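**Student:** Following this message is one structure expressed as structure tokens.
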Amino acid sequence: MRLGGKVGRDSLAGRLTENASEPGFEFKPDQPYAELWMGTHPTNPASLHSSPSTLLSKHLESHSELLGSGTEGQTEGHVPFLFKVLTCKQALPLQIHPNKELAKKLHEEDPEKYPDINHKPEIAVCLSPSFLGFASFRPYNQIISFLTKTPEIANLSGDIKNKIDQFAKNPTGDVLREVWEGFLRLSDDESVVKQYAERVLKEGVEAFKDFSGEGFSDREKENLLKAIKLSKEYYHGDGGLFSTLFFLNLVELKKDEGIYVGADGPHAWLEGEIVELMAISDNVLNVGFTPDEDKDDPSLVSKTVTCQSKTPTELKLISQIFSKSQKGQSKVYKVPFEEFSILKISNDDVLIPFDGPAIAIVSSGTWDISGEKAEEGSCWFVGAGTEVEFERERKEGGEDAQVWIAFYDADAEKDEVGEK
């Protein structure tokens, strides 16, 4: 649970938790629910439904064949990814996950704060009608528009303004890193941020009348306004508004659209519901939408990022019929690496066995999974080498029905799961 979740059954994570949790779990309709975790992560490990006192990791330690090729480089008994359903109604912390090189260095320097040496790329796919989130740096010309057409910039320090001038004249990743670090140093109670938010909310989309071209369509301006409204409601004055809005893409996903964020890609999820898939790692740097005492050193954070710009189109994932789908009713989201993948099943199908592990969750509808009834929230571990059959229960009204599967499969086509 996080403060950013929706309350009770308004939260998809909450509704799914009713069936995904251990026997005796008490669902509280007045409590916010933000995250449902699936996997063997020690912070919130899964147990067997048939034996709630048995952790999945312990079961897999004595049945390592169920992990197959997914055991490479992993702690014994652990699934090589963390699968989540996430519901948010306000901005979750602006975060960066270090790449492998920096993760190793941080672990050696402070193993308590950075407990492993893994990187943490992420996949997110939208489950709600729409989802908003900040991800990766905008094209440089868009960043320059924000930094040169925002009146409140004049109220910032001379040091930041000098760095902005340098970036406008020489827009490179190295210069941008210095500019962004200056903005990361703004506190969670900045008067200039409050002034900006109040002005924009008063003016509405007209506040962006001088912004044009790619990244500034009418719809994108409406989303900018929405992000500022959310910031004022939950984080009024937090410098994270400037270090996201001015620098990062504000990406809108529609239902079933996916996005990929690399290991050093800054991101902050704003509003909506997603399935999220990531490497098992606790390495994270928090830099915004969180109290000052919880923020990490900006100089360390700025060294983490490449400041490589991308467009929302470049971040979004393409889906296609999965080659291991015998009936063509499963779509896999193409990712740029082989560490883990995600697919969606929307109708009756049979999956050819993976050579690694998988975790499946029923996000909607009622299904028969290899002869057993599975309702909304049912969560399944699928061992390597296991063929699985999915049959959806038909109801009047054409009820939406989906199963989401996170998996590792070195045998899959490389244009589907990427190269390792």
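The values are calculated or read from the model by the stated rules, or taken from the named source; none is laboratory data. Predicted model, so just to flag it, every value in this text is computed and none were measured. No Cβ is skipped: glycine too gets one built from the backbone with ideal geometry, and neighbour counts run over all protein chains shown.
**Student:** Restricting the search to segment 49-70, which residues are over 28 Å from the mean Cα position of the chain (by Cα) and either surrounded by fewer than 16 Cβ atoms within 10 Å (Cβ to Cβ) or of a type in the set (D, E, K, R) (or both)?
**Tutor:** Scanning segment 49-70 gives 50, 51, 52, 53, 54, 61, 62, 63, 64, 65.
**Student:** Same structure again: Name the residues in segment 322-361 that are aliphatic (A, V, I, L, M), in contact with a helix residue (DSSP H, G or I) (Cβ under 8 Å, 6 or more places away or on another chain) and under 19 Å from residue 46 (Cβ atoms), would you?
**Tutor:** Selection gives 361 alone.
**Student:** Among the listed residues 375, 391, which satisfies the condition of being of a type in the set (Asp, Glu), in contact with a Ser or Thr (Cβ under 8 Å, 6 or more places away or on another chain), surrounded by fewer than 18 Cβ atoms within 10 Å (Cβ to Cβ) and not assigned by TED's automatic domain parsing to the domain that holds residue 253?
**Tutor:** Result of the check over 375, 391: 375.
Residues are listed down the side, and each one gets a yes or a no for (1) modelled with pLDDT under 95; (2) within 21 Å of the chain's Cα centre (by Cα); (3) farther than 25 Å from residue 63 by Cα:
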| position | (1), (2), (3) |
| --- | --- |
| 346 | yes, no, yes |
| 351 | no, no, no |
| 356 | yes, no, no |
| 374 | yes, no, no |
| 388 | no, no, no |
| 394 | yes, no, yes |
| 397 | yes, no, yes |
| 405 | no, yes, no |
| 417 | yes, yes, yes |
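**Student:** Of everything in segment 211-242, what is under 16 Å from residue 95 (Cα atoms) and either at pLDDT 95 or above or charged (D, E, K, R) (or both)? Give them in sequence order.
**Tutor:** If the condition is that a residue be under 16 Å from residue 95 (Cα atoms) and either at pLDDT 95 or above or charged (D, E, K, R) (or both), then 238, 241, 242 are the ones that fit.
**Student:** Pick out the one residue from 340, 407 that is surrounded by 16 or more Cβ atoms within 10 Å (Cβ to Cβ), over 22 Å from residue 19 (Cα atoms) and in contact (Cβ under 8 Å) with a residue 12 or more places away in the chain. Walk me through it before giving the result.
**Tutor:** On the way: 407 fails: over 22 Å from residue 19 (Cα atoms).
That would be 340, the only listed residue that is surrounded by 16 or more Cβ atoms within 10 Å (Cβ to Cβ), over 22 Å from residue 19 (Cα atoms) and in contact (Cβ under 8 Å) with a residue 12 or more places away in the chain.
**Student:** Which condition number in (1) within 30 Å of residue 171 (Cβ to Cβ); (2) touching a Phe, Trp or Tyr at 6+ places or on another chain (Cβ under 8 Å); (3) loosely packed, with under 15 Cβ neighbours inside 10 Å is the one that residue 299 fails?
**Tutor:** Against the list (1) within 30 Å of residue 171 (Cβ to Cβ); (2) touching a Phe, Trp or Tyr at 6+ places or on another chain (Cβ under 8 Å); (3) loosely packed, with under 15 Cβ neighbours inside 10 Å, residue 299 comes up short only on (2).
**Student:** Could you pull out the residue among 93, 139 that is in the same structural domain as residue 219 (by TED's automatic domain parsing) and touching a residue at least 12 places away in the same chain (Cβ under 8 Å)?
**Tutor:** 139
**Student:** From the set of residues in segment 147-174 that are in contact (Cβ under 8 Å) with a residue 60 or more places away in the chain and surrounded by fewer than 20 Cβ atoms within 10 Å (Cβ to Cβ), which is farthest from residue 210 (Cα to Cα)?
**Tutor:** Step by step, filter segment 147-174, then rank; the result is 174.
**Student:** Additional query: Taking segment 12-48 as the region of interest, how many residues are of a type in the set (Gly, Ala, Ser), free of Cβ contacts under 8 Å to residues at least 40 places away in the same chain and surrounded by 11 or more Cβ atoms within 10 Å (Cβ to Cβ)? Step through it out loud before you land on a result.
**Tutor:** The initial filter retains those residues of segment 12-48 that are of a type in the set (Gly, Ala, Ser), namely 13-14, 20-21, 24, 34, 39, 46-47.
Okay, now just the ones that are also free of Cβ contacts under 8 Å to residues at least 40 places away in the same chain, so 21, 24, 47.
Of the ones still in play, those that are also surrounded by 11 or more Cβ atoms within 10 Å (Cβ to Cβ) are 21, 47.
Adding up the residues that qualify gives 2.
**Student:** Something else about it: Check every one of the strands (runs of 3 or more DSSP E) wholly within segment 80-149 and list those with 1 or more residues that are among the acidic types (Asp, Glu).
**Tutor:** Numbers: elements: 82-88, 94-96, 122-126, 130-137.
Hits in segment 80-149: 122-126.
**Student:** Could you look through segment 305-316, keep only residues that are within 20 Å of residue 125 (Cβ to Cβ) and of a type in the set (S, T, N, Q), and pick out the one that is surrounded by the fewest Cβ atoms within 10 Å (Cβ to Cβ)?
**Tutor:** 313
**Student:** Quick check: is even one residue across segment 201-217 surrounded by 19 or more Cβ atoms within 10 Å (Cβ to Cβ) and within 27 Å of the chain's Cα centre (by Cα)?
**Tutor:** yes
**Student:** Just to verify a result, which residue in segment 115-149, among those that are modelled with pLDDT of 95 or more and β-branched (Val, Ile, Thr), is farthest from residue 275 (Cα to Cα)?
**Tutor:** Per the stated criteria, the residue is 148.
**Student:** Right, here's the next one. Taking the criterion of being in contact with a Phe, Trp or Tyr (Cβ under 7 Å, 6 or more places away or on another chain), β-branched (Val, Ile, Thr) and more than 20 Å from residue 78 (Cβ to Cβ), would at least one residue in segment 339-350 satisfy it?
**Tutor:** yes
Let's see how each residue does on (1) part of a strand (DSSP E or B); (2) at negative phi; (3) surrounded by fewer than 16 Cβ atoms within 10 Å (Cβ to Cβ):
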| position | (1), (2), (3) |
| --- | --- |
| 263 | no, yes, no |
| 273 | yes, yes, no |
| 293 | no, yes, yes |
| 303 | no, yes, yes |
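**Student:** Okay, moving on. Could you tell me which residue of segment 190-244 is farthest from residue 155 (Cα to Cα), considering only residues that are among the hydroxyl-bearing types (Ser, Thr, Tyr) and in contact (Cβ under 8 Å) with a residue 40 or more places away in the chain?
**Tutor:** Looking at residues that are among the hydroxyl-bearing types (Ser, Thr, Tyr) and in contact (Cβ under 8 Å) with a residue 40 or more places away in the chain, I get 234.
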